[in-house]
Amino acid sequence: MAAATARQVNIAIIGAGGVGKCFLSQLEQLASRRPSPKLVLTYICTSKKALYSTDHVAIPLDTVVSTLASSTQAPLPLPKLVDFLGTSGSKTVLVDNTSSQDVADAYPLFLSRGISVVTPNKKAFSGSYKLWQDIFSAAERSGAKVYHESSVGAGLPVISTLKDLVDTGDEVTKIEGVFSGTMSFLFNSFAPTSGAGGKWSAEVKKAKELGYTEPDPRDDLNGLDVARKLTILARLAGLPVESPTAFPVQSLIPKELESVGSGDEFLEKLPAFDEQMEETKAAAEKEGKVVRFVGSIDVATKQVKVGLEKFDLSHPIAALKGSDNIISFYTKRYGSNPLIVQGAGAGGDVTAMGVTSDLLKVLSQIA
């Protein structure tokens, strides 16, 4: 009798930017540390270039970054990629390290062909509720898996914790927290629990210089990133939230600056509006509190909201440091003291760790 062939799982990767590169180095370590199942990279692409061969030959992981950079192959259109991966004869996992809506829209197609999906891409799970339903029903029908832990808190065990609470029959009553590393850093500096913070515009400028904000800080200050994360958690908690714009989201962009041409022009003109934020901070201080930018989901009243709230100095949300995230789960079992997950909620290595951890979960189920 012929010896059984070693179990093999093919890996396809879309996106090789910050998170993508960190994931590649974690994948390389994983492949050498865990010989079974054998992990074989058969496809990788950026928005411009790709590496693959029609007969699914393994792409060496130790040199992939440089080989990809010098490749002359173009990425396959998504429907063709589905066919390419679906005809390999091996179980396959697609790792989407992008924030592309187009790739997200194709998940049901990949899943219906039995290709599992692992991703930090928020858009797939916080876009239209129909896409959410299509993704999970395609997975259920084909048996392919879909995991997206790092779409909410990078490497923090946020989604897995919520799923465990729900699946074991606990009743989640409220979820509240600071879901943005950018907003965390800004308010911990602007309204610290001890000492005086700087001017709002100066803190925004500093956060940008340190790389804590998007190239245009308005992409953080509009609250949409937090709204996307809350949409995902609300849906997992059983609320059929239609989209991240279906509930109140407070934007910290002054109306007058919403349409200025660039992020630099925005920062230049922001100091003229410092007074509004100073008043908000002073009002909180009068009550012996600090102001923080939080998201909350009240499951009983089905209310989801994002914006500024005041907290006592002793509250865990007030006491955050640096750019940490904190997510509190109030449930029937945990009573008045919530289950709290806290730590770095952004950064290439920790986000990639969330992706790698999800990949391990998929492998334990399919290989």
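The values are calculated or read from the model by the stated rules, or taken from the named source; none is laboratory data. Here the structure is a predicted model, which means the values were calculated and not measured. Quick reminder, even Gly has a Cβ in these numbers, built from the backbone with ideal geometry, and neighbours come from all protein chains shown. We work out accessible area using only protein heavy atoms, side chains counted, and drop any ligands, DNA or RNA first. Shrake-Rupley method; radii C 1.70, N 1.55, O 1.52, S 1.80 Å.
Odds and ends about this structure:
Residue-wise test of (1) of a type outside the set (Gly, Ala, Ser); (2) within 21 Å of SER180 (Cβ to Cβ); (3) in contact with a strand residue (DSSP E or B) (Cβ under 7 Å, 6 or more places away or on another chain).
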residue: ALA207; (1), (2), (3): no, yes, no
residue: VAL226; (1), (2), (3): yes, yes, yes
residue: ALA237; (1), (2), (3): no, yes, yes
residue: SER243; (1), (2), (3): no, yes, no
residue: LEU257; (1), (2), (3): yes, yes, no
residue: GLY263; (1), (2), (3): no, yes, no
residue: ALA283; (1), (2), (3): no, no, no
residue: LYS289; (1), (2), (3): yes, yes, yes
residue: LYS321; (1), (2), (3): yes, yes, no
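- One residue stands out among those in region 27-46 that are in a loop (DSSP other than H, G, I, E, B) and at pLDDT below 95: the one that is nearest to LEU81 (Cα to Cα), which is PRO37.
- Set LEU186, LEU257: member being under 21 Å from ALA346 (Cβ atoms) and either in contact with a Leu (Cβ under 9 Å, 6 or more places away or on another chain) or among the aromatic types (Phe, Trp, Tyr) (or both): LEU186
- Only one of the numbered conditions (1) open to solvent by less than 20 Å² (accessible area, probe 1.4 Å); (2) within 16 Å of ILE175 (Cβ to Cβ); (3) among the aliphatic types (A, V, I, L, M) is not met by VAL204, and that is (2).
- Selection of helices (runs of 4 or more DSSP H) fully inside region 77-121 by the criterion of at least 1 residues being buried (at least 24 other Cβ atoms within 10 Å of the Cβ) and in contact with an Asp or Glu (Cβ under 9 Å, 6 or more places away or on another chain) returns 107-112.
- Residue list for region 144-154, filter: part of a helix (DSSP H, G or I), in contact with a helix residue (DSSP H, G or I) (Cβ under 7 Å, 6 or more places away or on another chain) and within 16 Å of ILE340 (Cα to Cα): VAL152
- Any hit, region 126-142, residues being closer than 29 Å to ALA319 by Cβ and at pLDDT 95 or above: yes
- Whenever a residue of region 267-278 is in contact (Cβ under 8 Å) with a residue 60 or more places away in the chain and under 9 Å from LEU257 (Cβ atoms), its partners that are small (Gly, Ala, Ser) and surrounded by 17 or more Cβ atoms within 10 Å (Cβ to Cβ), lying with C-beta atoms within less than 6 angstrom and at least six residues away or across chains, give the pairs LEU270/SER201.
- Region 155-251 holds helices (runs of 4 or more DSSP H) entirely within its bounds, and those carrying 3 or more residues that are within 17 Å of the chain's Cα centre (by Cα) and of a type in the set (A, V, I, L, M, F, W, C) map to 224-236.
- Apart from one condition, SER71 fits all of (1) farther than 24 Å from ASP358 by Cα; (2) part of a loop (DSSP other than H, G, I, E, B); (3) open to solvent by 40 Å² or more (accessible area, probe 1.4 Å); the exception is (3).
- Flag for ALA138 being open to solvent by 60 Å² or more (accessible area, probe 1.4 Å), farther than 16 Å from VAL226 by Cβ and of a type in the set (A, V, I, L, M, F, W, C): no
- Extreme residue, nearest to SER201 (Cα to Cα), among residues of region 232-277 that are open to solvent by 50 Å² or more (accessible area, probe 1.4 Å) and either in contact with a Ser or Thr (Cβ under 7 Å, 6 or more places away or on another chain) or among the basic types (Lys, Arg) (or both): PRO271
- Test for ALA272: is it assigned to a helix (DSSP H, G or I), more than 22 Å from GLU209 (Cβ to Cβ) and of a type outside the set (Asp, Glu): no
- The residues of region 153-182 that are modelled with pLDDT under 95 and in contact with a Phe, Trp or Tyr (Cβ under 8 Å, 6 or more places away or on another chain), listed by number, are GLY153, SER180, GLY181, THR182.
- Of the numbered criteria (1) under 30 Å from SER126 (Cβ atoms); (2) out of contact with any Pro (no Cβ under 9 Å at 6 or more places or on another chain); (3) among the polar types (S, T, N, Q); (4) part of a loop (DSSP other than H, G, I, E, B), the one THR54 fails is (1).
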